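> Could you have a look at this structure, given as structure tokens, before my questions?
The values are calculated or read from the model by the stated rules, or taken from the named source; none is laboratory data. This structure is a prediction, so every number in the text was calculated from the model and none was measured. Virtual Cβ from ideal backbone geometry, glycine too; neighbours counted across all protein chains shown. For the accessible areas, the whole protein counts, side chains as well, though only heavy atoms, and no ligand, DNA or RNA atoms are used. Shrake-Rupley method; radii C 1.70, N 1.55, O 1.52, S 1.80 Å.
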Amino acid sequence: QVQLVESGGGFVQAGGSLRVSCAASGSIFSIKAMGWYRQAPGKQRELVATITGGGSTNYADSVKGRFTISRDNAKNTVYLQINSLKPEDTAVYYCNAAVFVITKATPGDYWGQGTQVTVSS
């Protein structure tokens, strides 16, 4: 019913910048929180940043000051601007959204397929 599609990942040198995007589509009534998670090889998936429908944001300590999450409610899209990239930021970045679909009264939890970000030292 709902699809999340990420884009914008890639290969970048340390110190560089990247912006990843995630567009939601389908039978969407409204979207509550949206967020980004990441999973590095051999590690558990971890929270990177979240943003509510009203624009309140939350960041993992490891990315504060370097990453900025934003959203365009009209486009059902969330963005993650990543600056001052470090090799330890290398991971698959996943989009997540809590979505009210047209046919249900409670929000569902949806994930994108992930986009790879690789940072070289």
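> Using heavy-atom solvent-accessible surface (probe 1.4 Å) with all chains present, what is the largest-first order of L80, L47?
L47, L80
> Let me ask something additional. With a cut-off of 11 Å, note down the residues of the stretch 1-43 whose backbone N falls inside the zone around a label point 7 Å from the Cα of I102 toward its beta carbon.
Only 26-29 pass the distance filter.
> Within the stretch 62-84, list the residues whose amide N lies under 18 Å from a label point set 7 Å along Cα→Cβ of Q13.
Counting only backbone N, you get 83-84.
> What is the Cα centroid distance between the stretch 46-62 and the stretch 93-121, reported in whole angstrom?
Cα centroid of the stretch 46-62 versus Cα centroid of the stretch 93-121: 13 Å apart.
> Something else now. Counting only protein heavy atoms and using a 1.4 Å probe, what share of the accessible area of the chain belongs to carbon plus sulfur, as a whole percent? Before the final figure, lay out each step's value.
Values: 3100 of 6240 Å².
Answer for the chain is 50 percent, counting heavy atoms of protein chains only.
> Can you list the HN-Hα couplings for the stretch 68-77, worked out from phi with the Karplus curve (6.51, -1.76, 1.60; θ = phi - 60°), rounded to whole Hz and with x for Gly and Pro?
9, 9, 8, 8, 10, 5, 5, 9, 6, 10
> Can you give me the solvent accessible area of E88 with a 1.4 Å probe, rounded to the nearest 10 Å²?
120 Å²
> For the chain, what size does the Cα cloud have along each of its three principal axes, sorted from largest down, in whole Å?
Result for the chain: principal-axis Cα extents of 48, 25, 23 Å.
> Ok, one more. Given Cβ point charges of +1 (Lys, Arg) and -1 (Asp, Glu) and nothing else, what value in debye, to the nearest 20, does the dipole of the chain about its Cα centre take?
Result for the chain is approximately 100 debye, rounded to the nearest 20.
> For D61, D89, give the ranking by accessible area with the largest first, probe 1.4 Å.
Largest accessible area first, the residues go D61, D89.
> By DSSP, what percent of the beta bridges with both residues in the chain are antiparallel, rounded to the nearest 5?
Restricted to the chain, the bridges split so that about 90 percent are antiparallel.
> Leaving out ligands and nucleic acids, and using a 1.4 Å probe, what accessible area per residue does the chain come to in Å²? Can you show the working numbers first?
Values: 6240 Å² over 121 residues.
I get 52 Å² per residue for this part.
> Ok, one more. Could you tell me the accessible area of K43 in Å² (1.4 Å probe, neighbours in place), rounded to the nearest ten?
140 Å²
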